[in-house]
Amino acid sequence: MIRTALAALLLTTAVPATAQTIAIINGKVATGDGSGPVEGGIVVIRDGRVVAAGPRVRIPGGAQVIDAAGKWVTPGIVAGFSRLGLADVDLGAGGADDTQASSGPFSAAIDVSTAINPNYTPVEVNRSDGVTRAVVAPAAPRSIFAGQGAIIDTGADLYPITKARAFQFVELGEAGAGKAGGSRPSAHVLFRNALREAAELRRYAEPVRSGGGLEPQDWRLRTVITNPNEARVYRPDARRSEDVLLTRFDAAALVPVLQGAQPLLVHVERASDILEVIGLKREFPSLKLVIVGGSEGWLVASEIARSGIPVIASAVNDLPASFEQLAATQSNVGRMAAAGVKVAIGTINDDETRHVFRERQYAGNLVALSNVPGATGVTWGEALRLITSAPAEALGLGGEIGSLAPGRRADVVIWSGDPLDPRNAAERVFIDGVEQPLDNHQTRLLDRYRHLPRRALPEAYRH
Amino acid sequence: MRAFAVAATAAIAVAAAGCAANTPPKKAAPVVRVDEDPFPSTYVAYPGVPTLIRNVTIFDGEGGRIDNGWISFADGQVTGLGAGPQDAPAGTNVIDGSGKFVTPGIIDVHSHLGDYPSPGVESLSDGNEATSPVRPEVWAEHSVWPQDPGFSRALINGGVTTLQILPGSANLFGGRSAVLKNVPARTAQGMKFPGAPYGLKMACGENPKRVYGSKGSIPGTRMGNIALTRATWIKAQAYKRKWDKYYGNGGDMPERDLAMDTLMGVLDGKILIHNHCYRADEMANMIDVSKEFGYKITAFHHAVEAYKIADLLAANGICAAMWADWYGFKMEAYDGVQENIPLVHNAGPGACAIVHSDDPNGIQRLNQEAAKALADGQRAGIPNLSEAIAWQWLSANPAKALGIFDKTGSLAPGKMADVVLWNADPFSIYSRPERVWIDGALMYDANDPKRRPVSDFELGQPGEGDVK
């Protein structure tokens with residue numbers, strides 16, 4: 001209750017009602033496109049979008065000017081794979097975790113956009129650390145299909161969804177084998193059967209959206225495809241074979257995957273599993289595949305590059321943590337990038353409900369590898385790209401978020417210094433051009449307990 | 001030599017003298033001392049060459065910084081360090097440290113390498129004897145798999161030279177710890193830090209009550225945690241009385257109890273308490289329990305709310321081993337703040353902050369965790385912080401908490417030459433270990449693939465001997 005009240009207060013006081021024209025000047029600017037930082041750059045944003053960014057940019061009259069001398073300016077961090085906003089607490093706190101429904105009846109039909117809570121502390125903590133957007137995936141319940149993920153912003157308002165049902169997520173490695181009853185072949189049969197059931201159902205799909213009428217041209221108004229959670233989009237006579245394994249909703253949810261209208265994020269780590277995913281592309285050419293994890297990707301980097309499949313990779317895995325990660329090395333991302341793979345950084349099975357702010361630290365580590373003999377790192381500009389525009393592009397949103405190119409959503413962070421060195425902090429954060437509050441549960445606790453000596457009233461009165 | 005043999009001889013001598021002075025000699029059986037070191041360290045340092053690193057920046061681990069300095073070591077020990085130029089005797093390996101940094105090796109007081117190794121499969125999961133909440137009889141060293149590839153990552157990427165392997169936190173009394181040199185060996189004994197005292201892992205809070213409450217047995221609540229902990233110490237006191245009497249007066253040797261042996265070692269001050277505890281109120285409870293039964297808590301581990309009672313911890317001389325920014329993964333971690341480490345550090349005389357990992361990945365980046373904590377503390381305006389001061393969190397303070405600060409944990413003449421040469425300022429994200437020496441032996445050299453350990457498990461596997 002207090003938290004809700006606080007959020008409401010922030011909405012009405014700290015956040016301007018409408019975005020305005022802002023010029024951030026004198027900063028060290030990096031745009032997120034892979035290029036390095038430029039001294040004395042200017043970033044102009046207007047009506048929630050980037051107008052221009054670079055060394056020679058005209059400052060519009062009437063713009064609010066922010067002097068960022070001595071600071072760094074970049075696009076906000078895009079968490080390439082996360083469960084941000086789905087849980088406040090991960091363990092032993094009933095009601096505060098919506099990452100997976102382990103005893104629910106549905107799988108592919110699950111839609112996390114209905115569960116994102118922007119008031120959860122992890123959203124606030126990550127916003128305070130310059131994470132402005134996140135790819136949010138459900139965790140697989142009893143099926144290999146986890147359901148449909150969303151792209152969110154971390155803004156201090158109750159409207160977090162950038163794109164609902166932005167992708168389907170499936171486990172096809174060790175975890176998938178477990179969900180499928182204990183083996184990878186079982187997971188692959190389940191996968192193909194699911195696509196078969198979706199194909200059968202597709203024949204009955206109406207070419208209209210659930211509310212009626214044709215799909216609008218503007219993608220933001222589109223529901224990706226017809227909303228697969230709406231049974232109405234399938235004609236009541238939609239018949240199915242008798243040997244189906246999926247619920248009708250789950251099968252319907254896979255229709256857009258089959259059509260290539262919705263990306264399919266596939267979690268695999270092992271080199272041979274990665275090749276199987278590449279094989280799926282030949283078997284089902286319409287699939288829009290994205291690999292998640294990919295710890296052994298460097299072993300098959302040229303094959304991945306040829307396939308054109310993007311990889312949202314775990315950045316610094318270097319342990320044989322499982323039998324599907326025996327060849328893990330921190331040079332994985334650098335080697336894949338060098339081979340031409342479209343790489344981005346994400347965090348799967350890595351405290352991804354709350355610690356996605358580690359991505360900039362991980363990216364910095366990949367830069368550090370460039371100074372280790374025999375290791376393959378990335379340049380600073382490439383490292384920033386891995387946590388900004390690269391994940392956006394992997395999800396097909398490169399034209400919208402993740403860079404300071406003109407027309408992109410104005411997610412901008414002013415940092416105290418080099419953002420890839422985690423000693424530096426986000427000092428000002430803009431999402432859709434709106435400046436965000438950076439206080440949170442943790443900063444309030446610091447204020448309360450910064451000085452411990454007893455005072456006239458208990459600590460509970462310090463607020 | 002094994003300490004017990006000497007002690008046994010002395011005890012027999014005392015007993016014999018007492019007999020002679022008072023009563024006519026009866027045929028009393030001589031007092032037999034229990035062997036307190038039945039799995040002795042077989043670690044032997046590897047050979048090194050006399051080395052001088054000069055033109056280098058040094059953090060000595062005790063708060064000192066030397067710019068443009070030098071450090072020398074030979075025969076396994078630090079032989080000197082200072083500022084300015086330094087000549088080397090013939091036969092010395094001289095390294096130009098321009099642009100580079102030297103620190104003591106990092107010491108992690110909270111690791112599960114070997115007892116929760118990679119790969120993390122059921123067959124190798126040996127960290128929690130979760131069959132009873134009171135298991136002080138188990139010893140972590142008997143779970144340590146020396147072939148865990150994680151040891152090598154901690155060395156080459158993390159600069160970790162010493163680490164304490166703890167049992168997990170399912171139990172109120174989890175068992176004894178093992179302090180290891182991060183030097184590969186065929187056996188756990190071959191890694192054991194010679195002369196390091198044992199630790200005992202204790203736990204409070206959510207884990208014990210969850211594990212046993214779900215089985216329908218005590219503890220199912222926090223009050224159950226404390227009750228069973230106290231009841232166990234009452235037994236340990238009775239056990240100690242029996243043995244004190246025996247060692248003092250002779251007579252029939254009491255029946256040994258492995259669990260109680262460990263607890264008696266704590267009450268005797270020989271075994272150090274490492275107490276997993278998150279919440280401030282629970283740490284206060286555990287401090288009172290320790291006073292009730294007359295033992296000392298050496299360190300609280302995790303201690304996510306240590307900042308709320310930093311004054312209490314300092315007043316009692318208790319260290320807190322912490323993460324830089326973990327929070328919220330369970331309720332007792334809900335109030336994590338990023339300034340926890342510097343706030344604990346800043347609590348005045350007796351304060352002791354430690355950066356710990358509890359994680360096979362985090363142990364590779366403890367310097368980065370210290371860097372974040374330092375930066376957060378400085379931003380919050382906490383006074384008297386610096387990189388040199390903060391390195392205490394990584395070496396001197398953990399060494400003190402392990403009872404080995406007389407041997408390692410800082411760079412001082414006569415101490416073990418556990419030394420890391422970093423290719424840049426280790427508080428920068430862009431820094432990595434270039435070379436690591438343990439007892440003066442070069443155990444890692446970034447420029448020499450032959451100076452990079454590869455565990456048995458990784459031989460013949462994809463990526464064998466890779467840079468990792």
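The values are calculated or read from the model by the stated rules, or taken from the named source; none is laboratory data. On a predicted model such as this, the values are computed, not experimentally measured, just so you know. As a convention, Cβ positions derive from the backbone with ideal geometry for all residues, glycine included, and neighbour counts pool all protein chains shown. We work out accessible area using only protein heavy atoms, side chains counted, and drop any ligands, DNA or RNA first. Shrake-Rupley method; radii C 1.70, N 1.55, O 1.52, S 1.80 Å.
Looking only at residues in the range B:243-272 that are among the basic types (Lys, Arg) and not in a helix (DSSP H, G or I), which one is farthest from B:Thr298 (Cα to Cα)? Among those that are among the basic types (Lys, Arg) and not in a helix (DSSP H, G or I), it is B:Arg256. Counting only helices (runs of 4 or more DSSP H) that sit completely within the range A:285-395, zero hold 1 or more residues that are among the charged types (D, E, K, R), at pLDDT below 95 and under 26 Å from B:Gly465 (Cβ atoms). In the condition set (1) in contact with a Lys or Arg (Cβ under 8 Å, 6 or more places away or on another chain); (2) within 14 Å of chain A (Cβ to nearest Cβ); (3) farther than 21 Å from B:His302 by Cα, B:Ser214 is compliant with all but (1). Restricting the search to helices (runs of 4 or more DSSP H) fully inside the range B:324-398 and requiring at least 1 residues that are free of Cβ contacts under 8 Å to residues at least 60 places away in the same chain and among the β-branched types (Val, Ile, Thr) gives B:340-345. Taking every residue in the range B:411-424 that is crowded, with 21+ Cβ neighbours inside 10 Å and pairing it with any residue that is of a type in the set (Phe, Trp, Tyr), at least 6 positions away or on another chain, the pairs with Cβ-Cβ distances below 6 Å are B:Ala417/B:Phe73; B:Ala417/B:Trp437; B:Val419/B:Trp437; B:Trp422/B:Phe101.
Considering only residues that are assigned to a loop (DSSP other than H, G, I, E, B) and more than 16 Å from B:Cys204 (Cα to Cα), which ones fall in the range B:301-317?
Going through the range B:301-317, the residues assigned to a loop (DSSP other than H, G, I, E, B) turn out to be B:303-305, B:316-317.
Of everything in the range B:301-317, those that are assigned to a loop (DSSP other than H, G, I, E, B) and more than 16 Å from B:Cys204 (Cα to Cα) turn out to be B:Asn316, B:Gly317.
Remark: pairs (first residue in the range A:411-439, closer than 17 Å to A:Tyr362 by Cβ; second residue outside any strand (DSSP E or B) and β-branched (Val, Ile, Thr); Cβ separation under 7 Å; 6+ apart in sequence or on different chains) = A:Leu420/A:Val367; A:Leu420/B:Ile429; A:Asp421/B:Ile429; A:Pro422/B:Ile429.
With the condition kept exactly as written, say whether any residue in the range B:127-136 is touching a helix residue (DSSP H, G or I) at 6+ places or on another chain (Cβ under 9 Å) and closer than 22 Å to B:Gly403 by Cβ.
Scanning the range B:127-136 turns up at least one residue that is touching a helix residue (DSSP H, G or I) at 6+ places or on another chain (Cβ under 9 Å) and closer than 22 Å to B:Gly403 by Cβ.
Being over 21 Å from the mean Cα position of the chain (by Cα), open to solvent by 40 Å² or more (accessible area, probe 1.4 Å) and closer than 30 Å to B:Arg33 by Cα: is that true of B:Leu312 here? Working first, answer last.
Numbers: over 21 Å from the mean Cα position of the chain (by Cα): yes; open to solvent by 40 Å² or more (accessible area, probe 1.4 Å): yes; closer than 30 Å to B:Arg33 by Cα: no.
Judged against the criteria, B:Leu312 is not a match.
Looking at the range B:76-94, can you tell me whether even one residue there is part of a loop (DSSP other than H, G, I, E, B), surrounded by 22 or more Cβ atoms within 10 Å (Cβ to Cβ) and more than 14 Å from every other protein chain (Cβ to nearest Cβ)? For the range B:76-94, residues part of a loop (DSSP other than H, G, I, E, B), surrounded by 22 or more Cβ atoms within 10 Å (Cβ to Cβ) and more than 14 Å from every other protein chain (Cβ to nearest Cβ): absent.
Out of all the residues in the range A:272-287, is one or more more than 14 Å from every other protein chain (Cβ to nearest Cβ) and within 30 Å of A:Val123 (Cβ to Cβ)? Steps first, please.
Taking the range A:272-287 and keeping what is more than 14 Å from every other protein chain (Cβ to nearest Cβ), we get A:276-287.
Still in the list and also within 30 Å of A:Val123 (Cβ to Cβ): none.
Checked against the condition, which is being more than 14 Å from every other protein chain (Cβ to nearest Cβ) and within 30 Å of A:Val123 (Cβ to Cβ), the range A:272-287 yields no hits at all.
Every residue in the range B:444-463 that is under 26 Å from B:Leu124 (Cα atoms) and either within 9 Å of chain A (Cβ to nearest Cβ) or open to solvent by less than 40 Å² (accessible area, probe 1.4 Å) (or both), please. Selection gives B:Arg452, B:Pro453, B:Ser455, B:Phe457, B:Glu458, B:Gln461, B:Pro462, B:Gly463.
How about the range A:78-194: which strands (runs of 3 or more DSSP E) wholly inside it have at least 3 residues that are open to solvent by 40 Å² or more (accessible area, probe 1.4 Å) and away from chain B (no Cβ under 14 Å)?
Values: elements: A:131-136, A:145-153, A:161-171.
Where strands (runs of 3 or more DSSP E) fall fully within the range A:78-194, none carries at least 3 residues being open to solvent by 40 Å² or more (accessible area, probe 1.4 Å) and away from chain B (no Cβ under 14 Å).
Of the residues making up the range A:418-463, those that are basic (Lys, Arg) and either open to solvent by less than 50 Å² (accessible area, probe 1.4 Å) or within 12 Å of chain B (Cβ to nearest Cβ) (or both) are A:Arg423, A:Arg444, A:Arg448, A:Arg450, A:Arg454, A:Arg462.
So, B:Lys291, is that one open to solvent by 40 Å² or more (accessible area, probe 1.4 Å) and within 24 Å of B:Pro197 (Cα to Cα) or not? Give the steps one after another, and end with the answer.
Numbers: open to solvent by 40 Å² or more (accessible area, probe 1.4 Å): yes; within 24 Å of B:Pro197 (Cα to Cα): yes.
Judged against the criteria, B:Lys291 is a match.
Once the range B:315-331 is narrowed to residues that are touching a helix residue (DSSP H, G or I) at 6+ places or on another chain (Cβ under 9 Å) and within 10 Å of chain A (Cβ to nearest Cβ), the residue that is surrounded by the most Cβ atoms within 10 Å (Cβ to Cβ) is B:Gly328. Checked against (1) surrounded by 13 or more Cβ atoms within 10 Å (Cβ to Cβ); (2) over 28 Å from the mean Cα position of the chain (by Cα); (3) of a type in the set (S, T, N, Q), B:Ser214 passes all but a single condition, namely (1).
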